[in-house]
Amino acid sequence: MRGGDKPLYLDPSQPIDRRVEDLLARMTLEEKVGQMCQYSGITMEYERMIREGRIGSLLNVFGADETNRIQRIAVEESRLGIPLIFGLDVLHGYKTIFPIPLGLASTWDPDIVRRAASIAAAEAAADGVHWTFAPMVDIARDPRWGRIAEGAGEDPYLGSAMARAYVEGYQGKSLSDPDTIVACPKHYVAYGGAEGGRDYNTVDISERTLREIYLPPFRAAVKAGAGTLMSAFNDLNGIPASANPHTLRTILRGEWGFEGFVVSDWNAIGELITHGIAGNIYEAAEKALKAGVDMDMQGDVYRRALVQLVREGRIPEGLIDDAVRRILKIKFMLGLFDRPYVDPERAKKIIKCREHLEAALEIARKSIVLLKNDGNLLPLSRDLGSIAVIGPLADDHEAPLGPWSCLGDPKDVVTVLEGIKSKVSPKTKVLYAKGCDIEGSSKEGFDEALRAARESEVVIAVVGESRDMSGEAACRAYLDLPGVQEDLLKALHATGTPIVMVLMNGRPLSISWAAENIPAIIEAWFLGVQAGYAIADVIFGDYNPGGKLPVTFPRTVGQVPIYYNHKNTGRPPLPDVKWTSKYLDIPYTPLFPFGHGLSYTRFEYSGLEISPVEVGANDTVKVRFRVRNVGDREGDEVAQLYIRDPVASVTRPVKELKGFKRVTLKPGEEKTIEFTLMLEDLSFLNSEMKRVVEPGEFRVMVGSSSEDIRLTGSFTVKDYVEFPLM
Ligand code: GLC
């Protein structure tokens, strides 16, 4: 429906709120409910429903021509011409694929994350996508959970900084810009707290843990202006997240003032029946809508139940109007009513353009974490006589895309073998042997691999997980290298040829043997389309790695959950004292700690200054120090600030990240880094669940990781201060 004298809602000169109200007043109840229904893909049946105004959104449709074709049905063949909003999981790139979010978090550089998100948004928007189901901001302390790959790791402070950066990157300055898409922080909330690290499993946590660990990244995303949010699958303390008025209304809308709309995760409304809190689709729809879920992703529950519930008086139509208002407002803000179609020529120009691929390489380099480099084995000379590149992931075009790789194409991926071949001198002989599969027990390929190792001066062993071993519904009970990969490493190690291990994985792995015996280990995560070039740049020293771990690596799965910001307990572990909190069979410390990452150069910290040291209610605390590059090679260092509140009315973590900065320093260069702590940054929930700062000493720790503390100091807060809950 278009043409003729324009109704107000089609007049772009009118304020959005007026256009929403004008349109809402024209809609039938069926059309209103239609806006609250989202379906995946396109079918003849969906096209019919679109014509009847009974679908508001599609996911998993993309491409300028196809989205234009479908949008024309909605805009030109339905009664009110309400455009569809097209959603897609654009998590770490659209077609130019970047490192998985756990890798992006390893940059500890929000500017990098913002850049990756803005490129992804530009490519997706050019191809007719309006909305990404991202960022995934679930805090994850359990690496058995496959979705740890999709987020920013275990820490609320780092996670909040990344959440903000993603939203700013995706949404830019205005949703109506052609290069932006609306963000959708997910999965609200505490989905990462699944018992046993098993996806979709029960989450039962305290209100304090909910508010101090799992909510902050969502709070940051909402403050950054996220236009939508996705409710999660999980049962949260007995009330599933997609029917939870406490989190969806009291906190999200009441405390935070969130004005966007909430979409359920895939059929999460229908699953309320399986959870056992709804006996049928009518109860499920009623609970979800009253809790605050505005749109039903692929559940077909709202379509079947809401009209009847309103007609029977079980749901006030006003609740429907509120939901539809929020959905329409986002569509107006996106400019869909005024510019419903995209220009196919634009997509051809910007998707996978040179600038985006160059950015992908820079971002991949910065995501790499150097876990170990004994004897400075790395970087290697590119003039070596012979190099053996071995392992199931050495020439794998799929794995570097990682899980949720959107429209990433394996043909676009540069493998490690290709990267190395592009780097070494013409006289260097590069041998390749797969050695074994990622999974499975066959060792048939060992002989060929060992021959290559014996003939070479160094082995580059590329091992890890397949891209399907992390992401959704991809949990692992063990965290070891899958299959016989460790046996392959041991056999290679026995040849005596030095080994550089490149790890490709979607989660922390308990690589204890390798950490003990392999001299150099590079954590490469799944780095995206430019993986091979980025890894080769690090191996041969064209790029000095500066990434840091956003998650703790356990020695074994038996340590899980293990995270850096833990409580002290009454008997903190002491290696030589039996009656303290530790294990009989392994050291209690992690294999690699949160914030860990090495460099080809060295950094010295000095000159810690804290001011004021007596802090009043209205003061801010400045923490200043210097970092110097005392090596002979330029490099990045991520300086980290941790705080401890040693005595409080409730137990507090032994340390909490409260500041970080990635700086690039030339050899000999020194920079001063300053963090400003607001008093609210020190706040916590006391025994009455009030957000407070209590008088007393606060310890300051500055360092290169949560364990590699270089400078310490303290300050004293003089006053008791209360803050708003969130
Ligand atoms: C999935 C995921 C969610 C994703 C959605 C749409 O089940 O849980 O993260 O955004 O469905 O693909």
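The values are calculated or read from the model by the stated rules, or taken from the named source; none is laboratory data. All values derive from a computational prediction rather than experimental measurement. Glycine also receives a Cβ, built like all others from the backbone with ideal geometry; neighbour counts cover every protein chain displayed. Please note that ligands, DNA and RNA were not included when accessible areas were found on the heavy atoms of the full protein model with its side chains. Shrake-Rupley method; radii C 1.70, N 1.55, O 1.52, S 1.80 Å.
Points worth noting:
- Enumeration of residues in region 25-47 that are free of Cβ contacts under 8 Å to residues at least 60 places away in the same chain and either within 16 Å of the ligand (Cβ to nearest atom) or not basic (K, R) (or both): A25, T28, E31, G41, I42, T43, M44, E45, Y46, E47
- Taking the criterion of being small (G, A, S) and surrounded by fewer than 24 Cβ atoms within 10 Å (Cβ to Cβ), the only residue of region 228-249 that qualifies is G238.
So that you can scan it fast, the table gives a plain yes or no per residue for (1) within 28 Å of F660 (Cα to Cα); (2) out of contact with any helix residue (DSSP H, G or I) (no Cβ under 6 Å at 6 or more places or on another chain):
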site: L158; (1), (2): yes, yes
site: R164; (1), (2): yes, no
site: V167; (1), (2): yes, no
site: Y170; (1), (2): yes, no
site: K173; (1), (2): yes, yes
site: P185; (1), (2): yes, no
site: G192; (1), (2): yes, yes
site: R198; (1), (2): no, yes
site: V203; (1), (2): no, no
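- Among (1) of a type outside the set (S, T, Y); (2) part of a helix (DSSP H, G or I); (3) buried (at least 24 other Cβ atoms within 10 Å of the Cβ), the one test that P392 misses: (2)
- Residue match in region 631-646 (condition: among the aliphatic types (A, V, I, L, M) and either open to solvent by 40 Å² or more (accessible area, probe 1.4 Å) or over 27 Å from A221 (Cα atoms) (or both)): no
- Per this entry, K331 is counted among residues that are basic (K, R), assigned to a helix (DSSP H, G or I), under 29 Å from P110 (Cα atoms) and open to solvent by less than 20 Å² (accessible area, probe 1.4 Å).
- From I55, I73, I50, residue being part of a helix (DSSP H, G or I), in contact (Cβ under 8 Å) with a residue 24 or more places away in the chain, among the β-branched types (V, I, T) and under 23 Å from A285 (Cβ atoms): I50
- Meets criteria (open to solvent by less than 10 Å² (accessible area, probe 1.4 Å), touching a residue at least 24 places away in the same chain (Cβ under 8 Å) and in a loop (DSSP other than H, G, I, E, B)) for L371: no
- Any hit, region 175-194, residues being touching a residue at least 12 places away in the same chain (Cβ under 8 Å), crowded, with 24+ Cβ neighbours inside 10 Å and charged (D, E, K, R): yes
- Residue in region 192-204 that is over 24 Å from N686 (Cβ atoms), in contact with a Cys (Cβ under 8 Å, 6 or more places away or on another chain) and within 15 Å of the ligand (Cβ to nearest atom) present: yes
- Residue count for region 124-151, restricted to those that are within 15 Å of the ligand (Cβ to nearest atom) and assigned to a loop (DSSP other than H, G, I, E, B): 10
- Qualifying residue in region 171-189 (condition: in a helix (DSSP H, G or I) and in contact with a Lys or Arg (Cβ under 7 Å, 6 or more places away or on another chain)): no
- Region 406-434: number of residues that are small (G, A, S) and open to solvent by 10 Å² or more (accessible area, probe 1.4 Å): 3
- Any hit, region 225-237, residues being closer than 27 Å to Y563 by Cα and away from the ligand (no atom under 16 Å from the Cβ): yes
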